[in-house]
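**Q** Take a look at the following structure, please.
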Amino acid sequence: MNQLAQLDQKFVWHPFTQMRDWLRREPLVIVEGQGAVLHDAKGREFLDANASIWTNLHGHRHPKINAAIQRQLKKIAHSSALGLANEPASRLAGKLVNAANSISPAECRLNKVFFSDDGSTALEVALKLAYEFTRRARAKPLERGRRPSVKTARSPQPRFISLAGAYHGDTIGAVSLGHIDRFHKAYGGMLFKSDKVMSPYCYRCPFNQAKPERADAREYRKCHWECVGKVEQKFSAQKNKGNPFAAFVFEPLMQGAAGMVPQPTGWLRQIAEIARSHGALLIADEVMTGFGRTGRAGAESGKRKADTLFASHQEGVQPDFLCVAKGLTGGYLPMAATLTTREIFDAFLGEYEEFKTFFHGHSFTGNQLGAAAALASLELLQSKKSIGQRGQLQQQLHDELQSLWVLPHIGDIRQVGLVAGIELVKDWRTRAPYALRERAGIRVCAAMARRGVLTRPVGDVIVLMPPYCTTRTQLRKMVAALAESAQEVI
């Protein structure tokens, strides 16, 4: 066994990994990457088919991002954001605000940026801010000097609602917003209660009366937007209890850890209107979907139009909190940001002795190296060349995926921009799933690795999320490896 592999197995505890299984075989040790290609310690070559767990945008060792980090290293790697400002973080905040308000530049609603470390902390920041903002807003009569009743003084705690199958991170607040038992149930005693509404999972929706076809279930669904009606019912019921939801938390267009569950066109716009009509804040988790990952809506059919970096904007939705991470630095360094409005920012202004400060922070908030990488990544993303490449790659991915429909164990192929989820089933005619013990998704991905393509499944959904630099030849190899592996394993 490779010496590095031995060290790993002796000392490292891996995330989301059954370590008994891990210790049974020699792990891949990645030592180098270039573009969409990775190399391991034995000199083998692999395609990075899930962008190193959804983080890498432009490819590994991109010269412009490398150069930006090297320039910053000649100045300073890090200094504290507690009581100090720095150049790259200040510039990055301005660039993020401009990008986040491209949907309506004149309005510029999202104009404050709080930096943190990763997707979990970005959601944790939004959750805490929304909680305290709502609590203070509902306590306004007290602040005006009125004599409250006992009932008013003990106003109920702000409540949050998210989607079934939601995953928003691993910090305690973020876990409380999640609804995937295998990730969250063990920590139930530590969490606060949040509510959930059904996810618009067209392929397995109980209201979809369409028989299975060889196409994305969103295209042939037969329903009356019952899922939207369920959301309206949930918001109304909570409002009737006298404690309207403080915020609705969602991944726009595509739920990642839920199984790459896409939302049909128009769903998000309707849900946002319902939430707003009931006074709820909107928290958009764009940790996975942000920075061009969801592409251009309708690009495969040539219908569309605007280039936007954020999935929410494709449905004309501007949230009150926009949470980003993963691709923020192009996949180079851990960094996150939570963007919010001036109204929410102002609720935390006061005299020192009032203690209205937002008491939350991170040692590496606004890290200069991360900010330098993010600035270079944003410049690349907004270039005509990158926009053109993304549109072309989205179309190519769509075309290549069509070859998979001939396989009888492919139940649904769902693509949103440059994200694709391919669901494995026992029989496409019945949508019958595999039993957990069969580990179909894991086995298919292991077979793909033997063919030089690396990705990781979400249950029995195989994820393809290539870096934006991926060539047509590389993309074809990714899809072919998936097809061959599915035929071999199943």
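**Q** Out of all the residues in segment 421-443, is one or more surrounded by fewer than 21 Cβ atoms within 10 Å (Cβ to Cβ), in contact with a Pro (Cβ under 8 Å, 6 or more places away or on another chain) and either within 21 Å of Pro27 (Cα to Cα) or assigned by TED's automatic domain parsing to the domain that holds His313 (or both)?
**A** For segment 421-443, residues surrounded by fewer than 21 Cβ atoms within 10 Å (Cβ to Cβ), in contact with a Pro (Cβ under 8 Å, 6 or more places away or on another chain) and either within 21 Å of Pro27 (Cα to Cα) or assigned by TED's automatic domain parsing to the domain that holds His313 (or both): present.
**Q** Just to confirm my filter: which helices (runs of 4 or more DSSP H) fall fully inside segment 168-237 and include at least 3 residues that are farther than 18 Å from Ser120 by Cβ?
**A** Result: 217-220.
**Q** Checking the structure you have, find out if any residue of segment 460-474 is outside the structural domain of Ala215 (by TED's automatic domain parsing), without any contact (Cβ under 8 Å) to a residue 24 or more places away in the chain and not hydroxyl-bearing (Ser, Thr, Tyr).
**A** The answer is no, given that none of the residues of segment 460-474 is outside the structural domain of Ala215 (by TED's automatic domain parsing), without any contact (Cβ under 8 Å) to a residue 24 or more places away in the chain and not hydroxyl-bearing (Ser, Thr, Tyr).
**Q** Could you list, in sequence order, all residues of segment 186-235 that are without any contact (Cβ under 8 Å) to a residue 60 or more places away in the chain and hydroxyl-bearing (Ser, Thr, Tyr)?
**A** Result: Tyr187, Ser194, Tyr220.
**Q** May I pose another question? How many of the residues making up segment 4-13 are surrounded by 11 or more Cβ atoms within 10 Å (Cβ to Cβ) and either in contact (Cβ under 8 Å) with a residue 12 or more places away in the chain or not polar (S, T, N, Q) (or both)?
**A** Total meeting the criteria: 6.
**Q** While we're looking at this one, here's another question. Show the residue pairs that are 6+ apart or on different chains and have beta-carbon atoms under 7 Å apart, the first residue being within segment 39-66 and of a type in the set (Val, Ile, Thr), the second being outside any loop (DSSP other than H, G, I, E, B).
**A** What qualifies is Thr55/Lys326; Thr55/Gly327; Ile65/Ala373; Ile65/Ala376; Ile65/Ser377.
**Q** Let me ask something additional. Go through segment 151-167 residue by residue and tally those that are part of a loop (DSSP other than H, G, I, E, B) and either over 18 Å from the mean Cα position of the chain (by Cα) or of a type in the set (D, E, K, R) (or both).
**A** Result for segment 151-167: 6.
**Q** If you don't mind, another one. How many residues are in a loop (DSSP other than H, G, I, E, B) and touching a residue at least 60 places away in the same chain (Cβ under 8 Å) if we restrict to segment 361-406?
**A** Qualifying residue count, segment 361-406: 8.
**Q** State the number of residues belonging to segment 97-124 that are part of a helix (DSSP H, G or I), among the hydrophobic types (A, V, I, L, M, F, W, C) and surrounded by fewer than 24 Cβ atoms within 10 Å (Cβ to Cβ).
**A** Residues that pass the stated criteria total 2.
**Q** If you go through segment 259-300 one residue at a time, how many are small (Gly, Ala, Ser) and within 18 Å of Gln382 (Cα to Cα)?
**A** Looking only at that region, the number is 5.
**Q** Just wondering, is there one or more residues in segment 72-81 that are farther than 30 Å from His313 by Cβ, assigned to a helix (DSSP H, G or I) and either modelled with pLDDT under 95 or in contact with a helix residue (DSSP H, G or I) (Cβ under 9 Å, 6 or more places away or on another chain) (or both)?
**A** Looking for residues that are farther than 30 Å from His313 by Cβ, assigned to a helix (DSSP H, G or I) and either modelled with pLDDT under 95 or in contact with a helix residue (DSSP H, G or I) (Cβ under 9 Å, 6 or more places away or on another chain) (or both), one finds at least one in segment 72-81, hence yes.
**Q** Inspect all residues belonging to segment 27-39 and state whether any of them is assigned by TED's automatic domain parsing to the domain that holds Ile442, part of a strand (DSSP E or B) and in contact with a Cys (Cβ under 9 Å, 6 or more places away or on another chain).
**A** yes
Residue by residue, here is whether (1) surrounded by fewer than 21 Cβ atoms within 10 Å (Cβ to Cβ); (2) of a type in the set (Val, Ile, Thr); (3) at pLDDT 95 or above holds:
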| site | (1), (2), (3) |
| --- | --- |
| Ser155 | yes, no, no |
| Ile180 | yes, yes, no |
| Cys202 | no, no, yes |
| Pro212 | yes, no, yes |
| Lys234 | yes, no, yes |
| Gly242 | yes, no, no |
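**Q** Another question, then. Out of Val29, Val125, report the one residue that is closer than 28 Å to Val458 by Cβ, touching a Ser or Thr at 6+ places or on another chain (Cβ under 7 Å) and modelled with pLDDT of 95 or more.
**A** Val125
**Q** Does Asn101 satisfy the condition of being modelled with pLDDT under 95 and under 27 Å from Gly361 (Cα atoms)?
**A** Spelling it out, Asn101 is indeed modelled with pLDDT under 95 and under 27 Å from Gly361 (Cα atoms).
**Q** Same structure, new question: From Phe250, Phe291, grab the single residue that is within 20 Å of Ser199 (Cβ to Cβ) and among the aromatic types (Phe, Trp, Tyr).
**A** Just a single option satisfies the conditions, and that option is Phe250.
**Q** Another question, then. Tell me which residues, restricted to segment 276-290, are of a type outside the set (Ser, Thr, Tyr), surrounded by 24 or more Cβ atoms within 10 Å (Cβ to Cβ) and either in a loop (DSSP other than H, G, I, E, B) or more than 14 Å from the chain's Cα centre (by Cα) (or both).
**A** The answer is Ala280, Leu281, Glu286, Val287, Met288, Gly290.
The values are calculated or read from the model by the stated rules, or taken from the named source; none is laboratory data. The structure displayed is predicted, hence computed values, not measured ones. Glycine also receives a Cβ, built like all others from the backbone with ideal geometry; neighbour counts cover every protein chain displayed.
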